[in-house]
1. Could you count how many residues in the range B:41-54 are surrounded by fewer than 19 Cβ atoms within 10 Å (Cβ to Cβ) and either part of a helix (DSSP H, G or I) or of a type in the set (Val, Ile, Thr) (or both)?
2. Report yes if some residue within the range B:192-211 is on the phi > 0 side of the Ramachandran plot and touching a strand residue (DSSP E or B) at 6+ places or on another chain (Cβ under 8 Å); otherwise report no.
3. Out of the residues in the range A:204-217 that are of a type in the set (A, V, I, L, M) and more than 37 Å from the chain's Cα centre (by Cα), which is farthest from the other protein chains (Cβ to nearest Cβ)?
4. Would you say B:ARG3 is without any contact (Cβ under 8 Å) to a residue 12 or more places away in the chain and either in the same structural domain as B:ALA72 (by TED's automatic domain parsing) or within 25 Å of the chain's Cα centre (by Cα) (or both)?
5. Under 8 Å by Cβ, and 6 or more places apart or on different chains, what pairs join a residue from the range A:146-165 that is within 7 Å of another protein chain (Cβ to nearest Cβ) and surrounded by fewer than 20 Cβ atoms within 10 Å (Cβ to Cβ) with one that is outside any helix (DSSP H, G or I) and of a type in the set (Phe, Trp, Tyr)?
6. Being modelled with pLDDT of 95 or more, over 21 Å from A:ALA247 (Cβ atoms) and in contact with a strand residue (DSSP E or B) (Cβ under 8 Å, 6 or more places away or on another chain) is true for just one of B:VAL30, B:VAL77. Which residue is that?
7. Kindly establish whether B:GLU16 is outside any strand (DSSP E or B) and within 14 Å of another protein chain (Cβ to nearest Cβ).
Amino acid sequence: MMVLNVMLHDRPMDEELKSDMRFFFCCMLGTHLLRMFIQSAGETASWRSVYVHAFLVGIPVCSLLMTVLSLELFAFFQLKSVDQRFELPRAFFGLWFFKAVLFGGWAGVYVSSLAVKRSNKAEVSRLEAEKALREAELRVLKAQINPHFLFNSLNTIRALVNEHPDRAQEAVLHLSLLLRAALQSESMLRPLREELGTVRHYLELEKLRFEERLSVHINIPAGMMDVPVPTMLVQILAENAVKHGIATMVNGGLLSITGFIDGDTCSIVVANPGTLKGAAGGNGLGLLNARTRLDRLVGPSSSIELAEKDGIVTATIQMPYRRITV
Amino acid sequence: MIRTLIVDDERLARVELRRLLDAFPEIQVVGEAAHVTEAAEAIRALNPDLVFLDVQMPGGTGFDLLEKMEGALPEVVFVTAFDEHALRAFEFNALDYLLKPIDPARLAEAVQRAKDGIVSRRDEEEKNPAPPTSKLSAEDRVFLRDGDRCWLLPLREIVLVESDGNYSIVRFAGNSAMLPRSLSSLEERMDPTIFFRANRSQLINIHKVKKVDLWFSGSLKVTMEGDLAVELSRRQAATFRDRLSL
């Protein structure tokens, strides 16, 4: 640019050099400011907010340029008032315009390259989040059809085919209904009545497996049967009660499912003999999933609590209760 | 005839396995057990050649049972409903396992494998008849566990055993595992013609000695396989010399 100016306007070399140095200094300062402002938006900021920040920083930079321009003009008119022969250099405004466009262009390119980088990063993190979600869903599905239970049940049924063909037929039916329920969308709510139906199918199968080691007692007040509960929630608690309780006891024990209504809350208690220490032997993923789903589907006023007293482990679901008036 | 024990906490699972085993005339099911304690007693009382062992049982897993066993271990085939990490962790492919519901073809393979194992060990014992004591022979195996890894290791593979309080550290082929038994109790059960008490805290396998060096004032320094160095006290060094020179 210096060479261009010298050629076009016959201006002395050193003056042009100074002017260009000033300009490049301004460019560097401006770029640095831009970077600072963009970084202040945070590493995770989207490409849109990069542009917004660039625009915001553009306003003070532009007003700075305008101030410098008006100061130069002001100084010129002061000089002119002293000496009428003083003239504005040729292409004064053109040069200013040219510098402004050059700087604007440079800033635009810089911001755009940053924005592209950001948008790539944002895309990658979005894909990663999606992948994590899908994996979590898969884990939920896997946890709902416990492979141990599934293959043990199939083994039991195979043994029953010879011993009691009629009971084998029943078992196949229970298993089918249970699998169908497990394959339903996990985000759905359904009346407790239906959920208990699934739990009964499950427990019937486990009774075939554990025989006299498992006895079941279900007592839910009729008023609670229409309470909406997340699909497979009570089922998971019952499965835990068998896996960590009944199955670890040589003589088995009683698995009870009891419901209570207390004012505007209701609770479902799943109890089994055992210790909480044994229950912690798993990865706790099932319970964590159950809690997340309950929170999402029923709301933060709901909860699942585990407790152990006198060799009995209880899992208690608490939910808001609204009496349905006809 | 292969004397066989079935260990599973579910009656129907035992029934099913028994039915499948009917197809093998060489298998004689001598007993059943429903949990770890019962199984340990049955193994002691019946001394079976082969055990079909469920992994998940009340009162402890199949691994706990193997760890508990004092005498020689029978051939073991694990039976489980699900491909467990713990079973795949077995080193040297030492252990067979079947998945429920059991595939008869896989069962036939497992039985054949167990039979081969039993026959080769019987041959070995005939060649080198063990003294008629309760001592374990070189071909007998111990169950070892180190974190997630498990081994069923013939005693002859052990390089040395070190005392660590009430525990013992077994070193073999570049690995080591902890046993919940004191060194003296282990020494009592091992064949003294193979295992030699080098000093207060170490028991070495004579067949795994690579090099013997003279050490200070009549003591010996023994280098074992895997370059483990063991010092023999003067008194033990004399016994060791006698033993080696026959």
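1. 4
2. Checked against the condition, which is being on the phi > 0 side of the Ramachandran plot and touching a strand residue (DSSP E or B) at 6+ places or on another chain (Cβ under 8 Å), the range B:192-211 yields no hits at all.
3. A:VAL216
4. no
5. Matching pairs, first to second residue: A:PRO147/B:PHE82; A:HIS148/B:PHE82; A:PHE151/B:PHE82.
6. None of the others qualify; the one that does is B:VAL30.
7. Details: outside any strand (DSSP E or B): yes; within 14 Å of another protein chain (Cβ to nearest Cβ): yes.
When the stated conditions are applied, B:GLU16 passes them.
Rundown of residues vs (1) under 18 Å from B:ASN47 (Cα atoms); (2) outside any loop (DSSP other than H, G, I, E, B); (3) at pLDDT 90 or above; (4) not assigned by TED's automatic domain parsing to the domain that holds B:MET190, yes/no style:
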position: B:TYR97; (1), (2), (3), (4): no, yes, no, yes
position: B:LEU107; (1), (2), (3), (4): no, yes, yes, yes
position: B:LYS115; (1), (2), (3), (4): yes, yes, yes, yes
position: B:ILE118; (1), (2), (3), (4): yes, yes, no, yes
position: B:ARG121; (1), (2), (3), (4): yes, yes, no, yes
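The values are calculated or read from the model by the stated rules, or taken from the named source; none is laboratory data. Note that the structure is a prediction, hence the values are computed from the model and not measured. Neighbour counts run over all protein chains shown; Cβ positions are idealised from the backbone, glycine included.
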